[in-house]
Structures are given as C-alpha cells and as structure tokens.
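Trainee: First, the structure itself, so that you have it in front of you.
The values are calculated or read from the model by the stated rules, or taken from the named source; none is laboratory data. Only a predicted model underlies this, so the values are computations on that prediction, with no experimental measurement involved. Methodologically, a virtual Cβ is constructed for each residue, glycine included, from the backbone with ideal geometry; neighbour enumeration extends over all protein chains shown.
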Amino acid sequence: MYDIVKMLHSYWAYLVLLVLIIATVNALIKTFGEKEYEAKDFRKSLFTLIVSHIQLLIGFILYFVSPRFELWSELGGGVMSNALARLYLVEHPFVNILAVALITVGYSKHKKKLTSKSKLKTIAIFYTIALVLFLLRIPWSSWIG
C-alpha cells in the first residue's frame, strides 16, 4: 500500500504544480494587465483548490502508512536533529499544509470581493505565496531522482 500511495502522491504533485502555476500566472498577468475577471478564472482557481486538497489528503495517508512515521518512536526528539527525518516528518508536511491553507483562504476571500481587480489580486497574492512554499519544501532529491 505504501508504494502505491507514494507513487500517487508523487505523480499527483505534478498536476498540483501545473494547475497552481497556471492559476497563479493567470492571476498575475490579469492583475498587472488590469484585465477583467472571467468565469474561466474562477474555474482555474477552483480546480487548483480541488487538486491541492486531494494532494493533501493523499499526503496525510502517505504520512501515516510510511515507514518513516516509525522514526517518531525510534528517534523521539532526535527527529529534529536528523535532517532527512525532519524534512519528511516535519518540514514538508507543515509547509505544504500551510500552502494548501493559503490556497483555501485565497480562494474563499476572492469570492467575497466585488471587483475584478480585487478578485484577481487576492488570488495572485495567496496562490503565489502557496506556490513558493510548495517549491521550497518539495524533496527534490527523491522526487526527481
């Protein structure tokens, strides 16, 4: 089960990054270009919200079925002194939960805005920060290699 969930989590991450980049770049271009908010912008931000939440759910499952989870009991407080264990058990989950929370807040806040400019600016800000956080905490060495 672990291998299947790990593979799903890794491949789904490509989709999350792709749609997040599309939604973020779209919002940034339209914000700086002072263009109108359209229905397709709503769909892009909604699809980003959905795929990121699915990735978070897959990540939670992976976290608890992973053999690395047992390091909490083996190392105890030593998880923080082991760089690889800290990355997989603390940094990666925490930062990515924060990124998904930012996507969620940004999506919710943009729906309450009344003007195109404020809607697009809200998405641009929250989704850009989430994208940066995702990119900072991807375990690149194991993901690509």
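Trainee: Any residue that is free of Cβ contacts under 8 Å to residues at least 60 places away in the same chain, in a helix (DSSP H, G or I), closer than 27 Å to ASP3 by Cα and out of contact with any Leu (no Cβ under 9 Å at 6 or more places or on another chain) - is there at least one of those in segment 65-73?
Mentor: Taking segment 65-73 first, the residues free of Cβ contacts under 8 Å to residues at least 60 places away in the same chain are 68-73.
Among the residues that remain, those that are also in a helix (DSSP H, G or I) are: 68-73.
From what's left, closer than 27 Å to ASP3 by Cα: 68-73.
Next cut, out of contact with any Leu (no Cβ under 9 Å at 6 or more places or on another chain) only: 70, 73.
Yes, some residue in segment 65-73 is free of Cβ contacts under 8 Å to residues at least 60 places away in the same chain, in a helix (DSSP H, G or I), closer than 27 Å to ASP3 by Cα and out of contact with any Leu (no Cβ under 9 Å at 6 or more places or on another chain).
Trainee: State all residues of segment 56-71 that are modelled with pLDDT of 85 or more and either closer than 15 Å to PHE94 by Cβ or in contact with a Lys or Arg (Cβ under 8 Å, 6 or more places away or on another chain) (or both); if no residue qualifies, say none. Even if it seems obvious, please write down each step before you answer.
Mentor: First, pick out the residues of segment 56-71 that are modelled with pLDDT of 85 or more: 56-65.
If the condition is that a residue be modelled with pLDDT of 85 or more and either closer than 15 Å to PHE94 by Cβ or in contact with a Lys or Arg (Cβ under 8 Å, 6 or more places away or on another chain) (or both), then LEU56, GLY59, PHE60, LEU62, TYR63 are the ones that fit.
Trainee: Given the criterion in contact with a helix residue (DSSP H, G or I) (Cβ under 9 Å, 6 or more places away or on another chain), surrounded by 18 or more Cβ atoms within 10 Å (Cβ to Cβ) and part of a helix (DSSP H, G or I), identify the matching residue among LEU84, LEU56, LEU98. Walk me through how you get there before you give the answer.
Mentor: Numbers: LEU84 fails: surrounded by 18 or more Cβ atoms within 10 Å (Cβ to Cβ); LEU98 fails: surrounded by 18 or more Cβ atoms within 10 Å (Cβ to Cβ).
The conditions single out LEU56.
Trainee: Continuing with the same structure: Within segment 104-118, identify whether any single residue is outside any loop (DSSP other than H, G, I, E, B), polar (S, T, N, Q) and touching a Ser or Thr at 6+ places or on another chain (Cβ under 7 Å), and answer yes or no. Outline the logic, then answer.
Mentor: Let us first name the residues in segment 104-118 that are outside any loop (DSSP other than H, G, I, E, B), namely 104-112, 116-118.
Now drop any that are not polar (S, T, N, Q), which leaves 104, 108, 116, 118.
From what is left, the residues that are touching a Ser or Thr at 6+ places or on another chain (Cβ under 7 Å) are none.
No.
Trainee: If you don't mind, there's one more thing I want to ask. One residue is enough: does segment 34-43 have a residue meeting the conditions within 24 Å of SER116 (Cα to Cα), acidic (Asp, Glu), part of a loop (DSSP other than H, G, I, E, B) and without any contact (Cβ under 8 Å) to a residue 60 or more places away in the chain? Can you show your working first?
Mentor: The initial filter retains those residues of segment 34-43 that are within 24 Å of SER116 (Cα to Cα), namely 34-43.
Adding the requirement that they be acidic (Asp, Glu) leaves 34, 36, 38, 41.
From what is left, the residues that are part of a loop (DSSP other than H, G, I, E, B) are 34, 36, 38.
Restricting the remaining residues to those that are without any contact (Cβ under 8 Å) to a residue 60 or more places away in the chain gives 38.
Scanning segment 34-43 turns up at least one residue that is within 24 Å of SER116 (Cα to Cα), acidic (Asp, Glu), part of a loop (DSSP other than H, G, I, E, B) and without any contact (Cβ under 8 Å) to a residue 60 or more places away in the chain.
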